[in-house]
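*Asks:* So that we are looking at the same thing, I have put the structure below in structure tokens.
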Amino acid sequence: MNWRPFDIKAFLRASRYWADDIAVLEQELKDMPELPAVSNDSGVHFPNVSDLTAQTAIRRLKITADIEEMRLNEEMLKYALKRLTEDERALVDGFFYPKKPIGIFVYEWGMAHGLGKNLVYAEREKVLEKMRRLIEAEYYGEDL
């Protein structure tokens, strides 16, 4: 997926599924034959003999590219998360990888940090902007 202009919220929402998507694609790649074989007992032959082979090769390349892109996205996410403070990581985890309802998380995080609901959301936006700038600077060559 192309994240330009970089949409950090969509990036984080999509990150929940990368591991599962990679596993599915790797299984599809593993189950795909190297060269497809077709039995043609009809006696009718088509001039484009290698169409199925070409389609299989193209699908293999597409799957490989998709897996590589998701792995790069995972690397980008890890890079940004490592550069956040523990509180900032907890805020991102609470909103994008919740273990409890968002409303409860917002209330608890706000109580722990002396912030009301609106300020918790404002803090989230500040942290997301920081993550976006970190990723853009490192992976897209844009200055902070």
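*Asks:* Report, in listed order, any pair from Lys62/Lys99; Lys30/Lys62; Lys9/Lys30; Lys9/Lys62; Lys30/Lys99 with a Cα-Cα distance greater than 23 Å.
*Replies:* Lys62/Lys99; Lys9/Lys30; Lys9/Lys62; Lys30/Lys99
*Asks:* May I ask you to list the trypsin sites (Lys or Arg not before Pro) in region 55-92 that are in a DSSP loop and have at most 16 other Cβ atoms within 10 Å of their Cβ?
*Replies:* Sites meeting the loop and neighbour criteria: Arg83.
*Asks:* Taking neighbour counts of Cβ atoms within 10 Å as a proxy for exposure, in what order, fewest first, do Lys9, Lys130 appear?
*Replies:* Ordered from fewest to most neighbouring Cβ atoms within 10 Å, Lys9, Lys130 come out as Lys9, Lys130.
*Asks:* Could you please tell me the mean projected area of the C-alpha convex hull for region 55-144, averaged over all directions and given in square nanometres to one decimal?
*Replies:* Computing the convex hull of the Cα atoms and averaging its projections yields 7.9 nm².
*Asks:* Counting Lys +1, Arg +1, Asp -1, Glu -1, what net charge surrounds Val120 among other residues with beta carbon under 13 Å of its beta carbon?
*Replies:* -2
Every read-out reported here was derived from the displayed coordinates using simple, explicitly stated rules and does not represent laboratory data. Keep in mind it's a predicted model, so treat the numbers as computed, not measured. Backbone-built Cβ (ideal geometry, glycine too); neighbour counts: all protein chains shown.
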